[in-house]
Amino acid sequence: MTQDWDAGRLDSDLDGAAFDTLAVRAGQHRSPEGEHGEALFLTSSYVFRSAADAAARFAGEQPGNVYSRYTNPTVRTFEERIAALEGAEQAVATSSGMSAILSIVMSLCSAGDHVLVSRSVFGSTISLFEKYLKRFGVEVDYVPLADLNAWRSAFRPNTRLLFVESPSNPLAELVDIAALAGIAHEHGALLAVDNCFCTPALQQPLRLGADIVMHSATKYIDGQGRGLGGVVAGRKAQMEQVVGFLRTAGPTLSPFNAWLFLKGLETLRIRMQAQSASALQLALWLEQQPQVERVYYAGLPSHPQHELARHQQSAFGAVLSFEVKGGREAAWKVIDATQVISITTNLGDTKTTIAHPATTSHGRLSPQERANAGISDSLIRVAVGLEDLADLKADLACGLAAV
C-alpha cells in the first residue's frame, strides 16, 4: 500500500542547510511510492485529468508537467538542487555545456547586441560565437580575462552580456568576479560565469555578484564520465527566458542523465577536495621536473593570481597544465608514454585524463586564435582524478623521461 507524502516537506526542512546536505537532498519530492532515492521518470508525456486540465497546464495557468522537453520531475529535481548549491533563484538544465551557453545567448541577446567574451575560453565556445552567433547579428569582442581595464575599455552602448570562464580552460587564469560584476552592472550588462572547473563546491559566482552561472554537467557534476548535460542558473527573470528558449528549441537534458548527475552531486564536495589536493601536489612536483618549462595552476605560489584564487575559491581545482621543452613533438611523446592516465579530452572524471589542447579541444581555432588564448604547441593539460598520487607521479615521470 502506498502512502501520501507531503511533497514540500523536505524543501522546508532544508532552509539554512549546509552545502553537503543540500547536495544530497535538495529538490527531492517523493512520489506516493515513498522512494528513498530520487525517482527516474522515463516518460515523454503526461496524462491530464480532463481537456480543461490540459489547456490550463499548456497555458501556464496551472502547475504540473506538460511534456518532457521542458517539464520532467527528475530533471526538475536536478535543477532545484543546482539552484540550491549555487544560491540561485532558478536553474535550467540543458543537453550539454555548449547548449547551456547557446541558451544563454539566444535567450538574453538579440541581433545587434554586443557580447564581450574572455579570450581564454574553451575552443568550442569561441567557435560557437565566431561561426554561428555572429551570423545572426550578435557582435562579439574578446578581452584578456584578468585585465579589468581592458574590460572597461571594450564596452559599447549596445553591450548586453559578458561571458567568462574563471578558472579558464586550460591555463587556470582567473578574473576578479566581484570586480567584473561591478563593471558589468555599471554599464547595464549581465555577467555570466562558466563555473565548470570549480563547481559550486569550490566557488559560487552568484554570491560574488555574477548574474548567471553555467556548467557543463558532463564534467565534475557527473564526476564519472557517464553522460552529457549542462545547466544554467541565476535570477528567475532571466531563467524564465531560458526556459522559453528551451521549450521551443529543445536542447533538453534527458531524465536519465539528470538522475546520473543527481548521484554525482551527492559526492561533489568530497571529490573536488580530494582531486584538488592531489592536483596541488602534482603541480608542485611538476615545477621541479627539468623537462617542464612552466606549470599553470592557481594553487601554486608562482601563479600570478594565486592570492585572488585563495580569496574567491575554497580550493584550487583539479585541472593543471604545463609546457614541456621541445614543442609539439615533445608534448606528444610525454602523452604517448603514459600508461595509467587516459588520453582523452574529457575532464572532471574520477580517472585522470591527459590531452594536447592545441590539437584537440582548441584544434579548430586558427593559429592566431590559439595564440590569443595562450595555447602553445608544447602545452599539456592534466585533469587529476582519484588515483593514488604516487602512481600519477610515476606515470608522468615515464612520460617526461621520453622527452
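The values are calculated or read from the model by the stated rules, or taken from the named source; none is laboratory data. These numbers were taken from a predicted model, which means no experiment stands behind them. All Cβ positions, glycine included, derive from the backbone under ideal geometry; neighbour counts span all protein chains shown.
Taking the criterion of being closer than 23 Å to GLY250 by Cβ, outside any loop (DSSP other than H, G, I, E, B) and small (Gly, Ala, Ser), would at least one residue in region 44-53 satisfy it?
Looking through region 44-53, at least one residue is closer than 23 Å to GLY250 by Cβ, outside any loop (DSSP other than H, G, I, E, B) and small (Gly, Ala, Ser).
Which residues, counting only those in region 360-375, are in contact (Cβ under 8 Å) with a residue 24 or more places away in the chain and among the small types (Gly, Ala, Ser)?
Selection gives SER361, GLY363, ALA373, GLY374.
Which residue, of LEU262, LEU286, LEU228, is buried (at least 20 other Cβ atoms within 10 Å of the Cβ) and either within 23 Å of GLU38 (Cβ to Cβ) or touching a helix residue (DSSP H, G or I) at 6+ places or on another chain (Cβ under 6 Å) (or both)?
Unique residue meeting the criteria: LEU262.
Within the group ASP194, ASP141, which residue is surrounded by fewer than 23 Cβ atoms within 10 Å (Cβ to Cβ) and either of a type in the set (D, E, K, R) or in the same structural domain as HIS303 (by TED's automatic domain parsing) (or both)?
ASP141
If I ask for residues that are under 20 Å from LEU171 (Cα atoms), part of a helix (DSSP H, G or I) and either free of Cβ contacts under 8 Å to residues at least 12 places away in the same chain or among the β-branched types (Val, Ile, Thr) (or both), which ones from region 184-235 would you list?
THR199
Determine whether ARG160 is in contact with a strand residue (DSSP E or B) (Cβ under 8 Å, 6 or more places away or on another chain), in a strand (DSSP E or B), in the same structural domain as LEU85 (by TED's automatic domain parsing) and surrounded by fewer than 24 Cβ atoms within 10 Å (Cβ to Cβ).
In short, yes.
Restricted to region 12-65, and to residues that are touching a helix residue (DSSP H, G or I) at 6+ places or on another chain (Cβ under 6 Å) and small (Gly, Ala, Ser), which residue is surrounded by the fewest Cβ atoms within 10 Å (Cβ to Cβ)?
Among them, the one singled out is GLY64.
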